[in-house]
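These notes are about the structure you will find just below.
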Amino acid sequence: MMELEEAEAHFEEDIKRIAHERAEIEKEMQRIDEDQATALTRRKELEKQFQPLAETIEPRLLSQYRRLRKAKKTGPVVVPLHGETCSGCHMMMRAQVINDILAAKKFHPCSYCDRLLYAEEVVDR
């Protein structure tokens, strides 16, 4: 009889604990839904800003960017050159590639991670 009363008491405690955990989970789900809605709104705003800019970029470069964007699920596709290294994968670049980037002749893909490299000093001009 005492075991039954103890079991009932534990059962009541478990029901309260589960109700509390369920409420916490519901709050977390609501927060995640709000974050997702905010992220989607921000993405739509950025896509609107991207369209006019995309028209000013040469088609070959834009095509390369879109291909890389699709392939790279995380992280940036266009990264600055830091010294002699790619800031995406941190590998050393060849001297000729560095010279071309610094001369602002063209964007160069990193030979290791394929990200498009640019020189911050040149862009700031």
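Which one of these is among the acidic types (Asp, Glu), at pLDDT 85 or above and closer than 30 Å to residue 107 by Cα: 34, 6, 28, 84?
That would be 84, the only listed residue that is among the acidic types (Asp, Glu), at pLDDT 85 or above and closer than 30 Å to residue 107 by Cα.
Please tell me if residue 62 is in a helix (DSSP H, G or I), open to solvent by 60 Å² or more (accessible area, probe 1.4 Å) and more than 21 Å from residue 112 (Cβ to Cβ).
Spelling it out, it is not the case that residue 62 is in a helix (DSSP H, G or I), open to solvent by 60 Å² or more (accessible area, probe 1.4 Å) and more than 21 Å from residue 112 (Cβ to Cβ).
Hey, can you tell me all the residues within the range 66-122 that are of a type in the set (A, V, I, L, M, F, W, C), part of a strand (DSSP E or B) and open to solvent by 30 Å² or more (accessible area, probe 1.4 Å)?
Scanning the range 66-122 gives 78, 92.
The values are calculated or read from the model by the stated rules, or taken from the named source; none is laboratory data. Remember, it's a predicted structure, so these values are computed and weren't measured experimentally. Every residue, glycine as well, gets a Cβ built from its backbone with ideal geometry; the counts of neighbours run over all protein chains shown. To get the accessible areas, we keep the full protein, side chains included, count just its heavy atoms, and leave off ligands, DNA and RNA. Shrake-Rupley method; radii C 1.70, N 1.55, O 1.52, S 1.80 Å.
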